[in-house]
There are 4 protein chains.
Amino acid sequence: MTTEKPLRIAMVGHGCMGAAHSQGWRVAPRFFDLPLRPEMALLVGRDASRTEASAQQWGWAEVSTDWREAVTREDIDVVDIVTPGASHAEIAVAALEAGKHVLCEKPLANTVEEARAMADAAERAAGRGVRAMTGFTYRRLPATTHARNLVADGAIGTVRQVRARYLQDWLVDADAPMSWRLQQEHAGSGALGDLGAHIVDLAQYVTGHHLTEVSGTLQTLVPTRPLPGNDGGAAERASVTVDDAALFTGRFDDGVLGTFEASRMATGSKNALQLEISGSLGALRFDLENLNYLDFYDTAAAPDRQGFTRIMVTEPEHPYVSAWWPAGHSLGYEHGFVHQAKDLVEAIAAGTQPAPSFADGLQVQEVLGAVSRSADKAGSWTPVR
Amino acid sequence: MTTEKPLRIAMVGHGCMGAAHSQGWRVAPRFFDLPLRPEMALLVGRDASRTEASAQQWGWAEVSTDWREAVTREDIDVVDIVTPGASHAEIAVAALEAGKHVLCEKPLANTVEEARAMADAAERAAGRGVRAMTGFTYRRLPATTHARNLVADGAIGTVRQVRARYLQDWLVDADAPMSWRLQQEHAGSGALGDLGAHIVDLAQYVTGHHLTEVSGTLQTLVPTRPLPGNDGGAAERASVTVDDAALFTGRFDDGVLGTFEASRMATGSKNALQLEISGSLGALRFDLENLNYLDFYDTAAAPDRQGFTRIMVTEPEHPYVSAWWPAGHSLGYEHGFVHQAKDLVEAIAAGTQPAPSFADGLQVQEVLGAVSRSADKAGSWTPVR
Amino acid sequence: MTTEKPLRIAMVGHGCMGAAHSQGWRVAPRFFDLPLRPEMALLVGRDASRTEASAQQWGWAEVSTDWREAVTREDIDVVDIVTPGASHAEIAVAALEAGKHVLCEKPLANTVEEARAMADAAERAAGRGVRAMTGFTYRRLPATTHARNLVADGAIGTVRQVRARYLQDWLVDADAPMSWRLQQEHAGSGALGDLGAHIVDLAQYVTGHHLTEVSGTLQTLVPTRPLPGNDGGAAERASVTVDDAALFTGRFDDGVLGTFEASRMATGSKNALQLEISGSLGALRFDLENLNYLDFYDTAAAPDRQGFTRIMVTEPEHPYVSAWWPAGHSLGYEHGFVHQAKDLVEAIAAGTQPAPSFADGLQVQEVLGAVSRSADKAGSWTPVR
Amino acid sequence: MTTEKPLRIAMVGHGCMGAAHSQGWRVAPRFFDLPLRPEMALLVGRDASRTEASAQQWGWAEVSTDWREAVTREDIDVVDIVTPGASHAEIAVAALEAGKHVLCEKPLANTVEEARAMADAAERAAGRGVRAMTGFTYRRLPATTHARNLVADGAIGTVRQVRARYLQDWLVDADAPMSWRLQQEHAGSGALGDLGAHIVDLAQYVTGHHLTEVSGTLQTLVPTRPLPGNDGGAAERASVTVDDAALFTGRFDDGVLGTFEASRMATGSKNALQLEISGSLGALRFDLENLNYLDFYDTAAAPDRQGFTRIMVTEPEHPYVSAWWPAGHSLGYEHGFVHQAKDLVEAIAAGTQPAPSFADGLQVQEVLGAVSRSADKAGSWTPVR
C-alpha cells in the first residue's frame, strides 16, 4: 500500500499536458504501492483565474502566478514542468539549483544549447541527490517496455534495422489557420521537434542503440495558411516557417540502420507512432493507435508456424499490468503518465537516477539538431555530435 | 467545471469491481463538468482490516463492516453495490426504500425472482425521485455508444441479424483449480451469467431491440477440476456444476435474429466481446479487445469504394471523447466506469431515470433464465417472458 | 514432370463451377508432376451453341448435349459433374456403374436419399477400382490443409470448441429479384445447403471429428421478393421458400461443441467463411477472405509472448506451396480447384480412395438434413443419424 | 470470346519468371475475350535438355537454344524476355529491329545506358507499329489499378506524400550462402534494383507523378557470407558487394514528397510491398501481402464516420475482376501476369502503345541510378536527369 509520507508536487503550466500529468499524480498511488505519496500541492500559471479554474478542476491545493514560488517554497519537493519548450531551461535549472527534483515535458528544450544547460544542471544536482527526468511517456506503455525487454533479452538477436514514423493529419486541410505552432520563432520546429522527438527517443530506448549520424529533409507541404479572424472576404495568408513533414535516415552505433518520418500531413492517421525493429533472430512492431498490442516475430519457431505473433500486452506477466485490471483489459494513453509518476516517485525514494535523464533528453535534441543541419546541407550525412 | 455541491457515495464491496468503481468516482469530476461532486464517503466490507486497507488505497474517507450503515446514514446519497450477486437484492431494496440512489453491478441478481424484487423496488422508489441503475459499463465506451447512435440514426437501416460473443480463455487449462465460481450453489451460473449478461445487454442496447425467445445450450467442457490445496499426490477432483460455454440463438422483436456465445474456453481470446450487426443498409462490428475502434459498412457508398470503415472512435465528434485527450488518443477499460459515474450523477441531478434501469437489468436476467430453461428442454425455443 | 499418359475428362455442366473446374484441369499438370495428364476431352451441356462457346472459351476438345455420351464413351476416364444438385445422383450413379471415375461438385445431392444412393454406388464401384470424390475444394487451400495438419499433429491439443460461419451479403437488398435459387422446389434449401455444406465439411475435416447431433434454426429474413421483369408499376412479389440464414449448434464425437451460421444477409461480408477452433493447448483461426493466412495460438509459448501468430501460408514448408511461386507470393480462390485436380489424378493413378469420398459427402448431407429436422421441431437437439 | 487469330509468342529464358509468364499466356485467353489468341510457340534457353523439360512442363510447342531464332523466325510475333537483366538490351533491341513486339521483364536493364538504348529502339519501332512493354506486373493487380483510378478521379485530392517500401527477409540469416545475386559484377545492384524498381514504378503509376530528385543510402548489413559448398570446417566467407537495404527520399514533380525503402533484411516480411499515399482529400494504402485489399480514407465522409475503408477489391466494379469469379473471391500473385498478357495483346491488336513503355522502364532505371549517385555523395539530393 502507498505510504502516507508525502512528496509535494508543484506543476508549472496547465495546458493539455497539465491534465495528463495531473491524472498521473492523482492515480499512481491508487494502483501502485508507492514509497512516497504524491501531493498535488501547487499549480502555477500566468493567468490567475484560469489557473485557479484548472487547479479546482484537477485538484491542486494551491495556485500561484509565479513559477519562482514553486522553486523557492520549502514545502515543495518536485517541480513538474509542462510549459511550452521555450521556458523549460530557465525553470528547470532554477529548480534543480534550489534542490527540487524536476520532471520536464519533452522536448527538453527548443535549442540544443538550452538542453545542454539543463543536462549540466541535472548532472550537478545529481551529486546532491536531486533527480531530473525527461517526460517521454511513450516509453512507459506496457507494450513499449515489453518491446525493450524482449530486445534486451535477445529475443530478436542483433538489431539491424529500425523503421519509425509518427503520422498525424491535423494539418491536412490547407485552410487550417496559421498559429504560433507553425512559426519558427515561437515553436522552434514543426513536426520534427513535436513528433520526431518521440520516435527518436522510443527507437533508441527499445533498441538500446543511439543515433550517431543522420541524413534528413524538412518540408513544408502547405507553405501558407490563412491568418485567423479573417472571416469574410479573401483571407490573407501568411507563411508557415516550420516543417510539416520531416524525413530522415539514421545510423545508430553498432551499424544499425534506421528510417524516420514525422508528418502532420498523413491523411487518416490520427496518432500513428509506428515502430518496427528487424533483428537477426526476430522482429517487433508497435503502433500507438493500437497501444495494447505488440507484434513479435521469432525465427526460432518451426518454419511452418512462423509469423508475427500479436501479443495482447495485458497479462500480469507484462510490465506495469499487474497493478491494473484482470488479464485482457485494455489500458489507454494516460497510463503512460501514471507509470511515469510511479517510476519517478520510486527513483526519488530509492535515490537512483530516473530514466530518461536530462542527458537523454539532450541527446534527442542533438539528433533533431543534426537533422536540421543535414537538411540545410542538401540532406548529406551529418554527425549527431 | 464540476460544482462543489457534494453527492456522497457509499460503496458496498471491495473486490476487483470496487477498484474500477472507485476509479470512476475519483476521475469523473476531473474531466467532466458535473452538477454534483461525488465524495467517496464510506466503504463497506466484512473484514475490517482488509476494508480499511482498500479504503486507504482507493481513497474512501470512512469504513464500515455493516452495509446497513450505508443505508441508514443520513449523509449518504448513493449506495454503490459491488458485492457478489447473491447479496444484491437485499442491499439494493433496503437502500432504495431508505431513499438512497443505487448503482448495482451486473448481473443484477443471481435469480430472476431477486431481480424482479429489485426492479419493483426501483419502480416504487422512482416515484419518490430515487434513482436506480444497473452497471453495464460496456454500453458507455465511446465505440459502443457511437454504434448505438449510428443504429438509431438509421445508418445501417433495419437491423436484421446480430452476432454476439464473449470469449475468454481462463479455464482452458483442465487443471485450473476448482473455485466457488464453478459451483452452481454459489455462482448461480457460469459463462452464461458472467459473460452472457454483457452480450445480451449490449446487443439489445445497440440495436434498440429486445429478445423475446431463445434456443440455448449450456455445456461443461471440463467436467471436473482439482480441489485446491492438494499439493503432492494425485489431486482429488470435484465436479464443475456450472457451464463453461453457453450457446444460444435468439429472436428479438421485429424479427431480428441473433446468435450468442459465452465461453471461458476460447483459447487465445482474453476479453473478446465481439458484436456484429447486419442491417438492410449497413453493418457494424465491435470488439472489446480493440475498444477504441468501430467498423462500419455503408451500402450507400459508391459500389467500388465499399468496405468496412475502421473508425478510430477518438475524435471530439464521438461520445464522451471531447472531455479527454486530443484527437487520436486511446481510452481503456476503466473509462466505461468513469462515464457511468458521470451519467449517473447527471441523471440524479436532473431528476431523470438513468439507463440501464433495474427493469433493464431484470429483463437481461429473464433472457438468461430462458436460455437455461431452453437448455433443460433439449434446446427448444423458449419465450423470455 | 507430368507424364504424357492421358486421363481423359468429360465435364457435365458449364456454369460458374465449370470455369473453375476447367482451370483446375488446365493448370494442375503445369505446376505439379502428375502421374497422368488430364485431357479436357468432352464438355456436355443442354444448349448446343452455348456449350460450344464454353468449350471454345475453356479449351474442351469436343462437345455433347447428352450426358450419357460422357458415361458411355470408352475413351472417357473421368466424369466431372458441375450441374445443379438435382441431377447429380442420376449422372454420378450411371457414370460409376459404367466404370468412370467421378468428381462431383458439392453439395453431393439435394436430398439425403439421393446422396445415399450415390455413396452406395461409389462403394460398389470402389470394389472395381473406380474412384469417386466430392468437390469440397476449400479443404485444399494451403491454409486449411495446414490447419488440419496442425490439429492432427497435436499442435492445439484436444479440440473442444468450433466456431464456423459462412457469411455473404448478396441478398441484403430486399428488392433483389426472386430466382429459382430462392424456391425450395428447385434449390432444395437456401443458405443451409449452399454455404452450410462448406462449413460442416471444413469443420469436420480440420478437426477430424464428426457431428453427431444438431440444434438448428432456419430463417427467411426477407420473405418476399419482386418477380423479375416487372419493370414499371408496382412489382408483384412472390414468397421466398428457402432460408436466407441458417443457425445451428452441433455436438461432434468426443464432446466437441460447435456453433455454425450460414447467411446470405451478412451485410459487408463478401465471402467470409470463418473457422475458429479452440483446443486444450492452442487455437486456430481461418477466414476465406484472407485465404493465404492462418492464425495459430500456442499455449506452450512463454506467457509473455503468447498471442495469435499470423502465419502467411506461402512458404515451401506449407502444403501445395512449393509447386507454385517463390515464398511469400499469394494464391487465390482457384488454386483449390487445381489442387483438387492434382489430388484426384494422383489417387486414380495410385488406386487409392480420394477424400472427401461420396460417403463423406453423404454425411454432410445428413448433417444438413438433421438441421432441417431440428428446425421443424422448434430447434430441439436432433441426431444426425 | 477469344478469337482464333493467333499471336505467336517466343519466350527467351525459363527461370521463375518464365513460369509466371507462361501462366499469363496460357490463362489470359480463357477468361478474357482477346482480339488475338496467344500461341506458346517457342521457348528459348541455353541448355537444351532443361529447356525441353520446361517447354513440356509449361506447354511451349518448340524449343531453341539460340535467342536469335526467336528474333529471326517469321512466324514469331512477340518476343517475351525473362532472362537476367544483363542480356535484356541485346535481345530486345534485336527483336524490335526485326519487327517483333517485345515484352521485357523488369528491371529493364542493369544499366541506364542499356535501358536508354532499349527505349530508343522501342521509340524507333513504334513508328513502324511495333510495340514494347516493360513487365511491371504489380501495376496490374485489381487493387493497384483501382488505386490509380481513384487518384486519377480525384478521390484523394492533391497527392502530397508517398510512403513506399518493399520488405523481404530472405537474407536475414547471416550464414545464408554467397550467390551471384550478391555480387555487383553480376547483379548490378541488390535490393535497390530488385525491389526498389517495383516501388518506384508503382508509386509513380498510382500517383501519376514522377520522381525528379532523390537522396539515398545503400547499406550492406551483412558484409560477408560463406561461399557455398564449404561443408565441414570453417566456411570461407566472401564480400557481399551489393546493398541488402536501400533507403531513399524523393521529390516528385508538383512538390510531392516520398520515402522509399527496399530491404532483404526485414525479418518476418515475406513480400511486403507497401504503398501509402496521403492526399489533400484522402489517402490510400496497399500491401502486396494482402493483395485483394485496398484501404481508402475519405475526408468527405461525415466526421464521426471517417476511417480507413478496407475495400475488398473483388467486385465486378473493380478493374479486371468481372472476367474471373463471383464477387468476393480472391485472386493471387499470378493474375498480374494474366492481366499483363491481356493488356499487351489488346494493345498490339489495337495498334496502341502499351504501358509501361520502355521509356517508362528507362525512367525507373534513371531513378535508381540517381539513388546510387546520391549514396556515393553522402546522401545529398541528386537530380534524376
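Observations on the model:
- Count - residues of region B:7-17 that are surrounded by fewer than 24 Cβ atoms within 10 Å (Cβ to Cβ) and touching a residue at least 40 places away in the same chain (Cβ under 8 Å): 4
- Residue that is nearest to B:Glu346 (Cα to Cα) [pool: residues in region B:43-60 that are more than 8 Å from every other protein chain (Cβ to nearest Cβ) and assigned to a loop (DSSP other than H, G, I, E, B)]: B:Trp60
- Any chance C:Arg30 is surrounded by fewer than 20 Cβ atoms within 10 Å (Cβ to Cβ) and touching an Asp or Glu at 6+ places or on another chain (Cβ under 9 Å): no
- Among the residues of region A:348-385, those identified as within 14 Å of chain D (Cβ to nearest Cβ), of a type in the set (A, V, I, L, M) and in a helix (DSSP H, G or I) are A:Ala370, A:Val371, A:Ala375.
- Entry remark, region C:316-337: residues being among the hydrophobic types (A, V, I, L, M, F, W, C) and assigned to a loop (DSSP other than H, G, I, E, B) number 4 in total.
- Test result for A:Thr382, surrounded by fewer than 20 Cβ atoms within 10 Å (Cβ to Cβ) and hydroxyl-bearing (Ser, Thr, Tyr): no
- Looking at A:Pro107, A:Pro35, just one residue is buried (at least 18 other Cβ atoms within 10 Å of the Cβ) and of a type outside the set (Asp, Glu), and that residue is A:Pro107.
- Set B:Ala174, B:Ala238: member being of a type outside the set (D, E, K, R) and either crowded, with 17+ Cβ neighbours inside 10 Å or not assigned by TED's automatic domain parsing to the domain that holds B:Leu273 (or both): B:Ala174
- Filtering region B:270-292 to residues that are under 23 Å from C:Ala262 (Cβ atoms), in contact with a Ser or Thr (Cβ under 8 Å, 6 or more places away or on another chain) and within 14 Å of chain A (Cβ to nearest Cβ) leaves only B:Phe286.
- Filter result (more than 7 Å from every other protein chain (Cβ to nearest Cβ) and over 22 Å from the mean Cα position of the chain (by Cα)) within region B:312-321: B:Pro316
- Test result for C:Leu221, of a type in the set (A, V, I, L, M, F, W, C) and assigned to a loop (DSSP other than H, G, I, E, B): yes
- Against the numbered list (1) within 9 Å of chain C (Cβ to nearest Cβ); (2) surrounded by 22 or more Cβ atoms within 10 Å (Cβ to Cβ); (3) polar (S, T, N, Q), B:Gln168 comes up short only at (1).
- For region A:159-183, the set of residues classified as farther than 29 Å from A:Glu276 by Cβ and touching a residue at least 12 places away in the same chain (Cβ under 8 Å) consists of A:Ala174, A:Asp175, A:Ala176, A:Pro177, A:Met178, A:Ser179, A:Leu182, A:Gln183, listed by residue number.
- Screening region B:230-315 for strands (runs of 3 or more DSSP E) wholly inside it with 2 or more residues that are touching a Phe, Trp or Tyr at 6+ places or on another chain (Cβ under 7 Å) and either closer than 30 Å to D:His146 by Cα or of a type outside the set (Lys, Arg) (or both) returns the ranges B:245-252, B:257-263, B:272-279, B:282-287, B:293-298, B:308-312.
- Condition broken by D:Asp80, with the remaining ones in (1) acidic (Asp, Glu); (2) assigned to a helix (DSSP H, G or I); (3) within 24 Å of the chain's Cα centre (by Cα) satisfied: (2)
- If you go through region D:293-303 and keep only what is within 14 Å of chain A (Cβ to nearest Cβ) and surrounded by fewer than 21 Cβ atoms within 10 Å (Cβ to Cβ), you end up with D:Thr299, D:Ala300, D:Ala301, D:Pro303.
- Within the span defined as region D:322-334, every residue fails to be acidic (Asp, Glu), under 30 Å from B:Met312 (Cα atoms) and either within 14 Å of chain C (Cβ to nearest Cβ) or without any contact (Cβ under 8 Å) to a residue 40 or more places away in the chain (or both).
- As a summary of the residue check, D:Thr309 satisfies the conditions (1) β-branched (Val, Ile, Thr); (2) within 15 Å of the chain's Cα centre (by Cα); (3) closer than 30 Å to B:Ile311 by Cα except for the one numbered (2).
- Taking region B:143-165 as the range and being buried (at least 24 other Cβ atoms within 10 Å of the Cβ), farther than 25 Å from C:Asp243 by Cα, in contact with a Phe, Trp or Tyr (Cβ under 8 Å, 6 or more places away or on another chain) and not hydroxyl-bearing (Ser, Thr, Tyr) as the test, the residues that pass are B:Ala143, B:Ala147.
So that you can scan it fast, the table gives a plain yes or no per residue for (1) farther than 23 Å from B:Met40 by Cβ; (2) outside the structural domain of B:His146 (by TED's automatic domain parsing):
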| residue | (1), (2) |
| --- | --- |
| B:Arg305 | yes, no |
| B:Val338 | no, yes |
| B:Lys342 | no, yes |
| B:Gly351 | yes, yes |
| B:Ala359 | yes, yes |
| B:Gly369 | yes, no |
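- Within region D:252-263, the set of residues being more than 17 Å from the chain's Cα centre (by Cα) and either small (Gly, Ala, Ser) or more than 8 Å from every other protein chain (Cβ to nearest Cβ) (or both) comprises D:Phe252, D:Asp253, D:Asp254, D:Gly255, D:Val256, D:Gly258.
- Number of positions in region A:1-42 that are at pLDDT below 95, more than 23 Å from the chain's Cα centre (by Cα) and more than 8 Å from chain B (Cβ to nearest Cβ): 3
- Selection within region D:23-33 - in contact with a helix residue (DSSP H, G or I) (Cβ under 6 Å, 6 or more places away or on another chain) and either of a type in the set (Val, Ile, Thr) or closer than 19 Å to D:Asp75 by Cβ (or both): D:Trp25, D:Val27
- Residue in region D:189-198 that is surrounded by fewer than 24 Cβ atoms within 10 Å (Cβ to Cβ), on the phi > 0 side of the Ramachandran plot and modelled with pLDDT under 95 present: no
The values are calculated or read from the model by the stated rules, or taken from the named source; none is laboratory data. These figures come from a predicted structure and were not determined experimentally. Glycine gets a Cβ as well: all are built from the backbone with ideal geometry, and neighbour counts include every protein chain shown.
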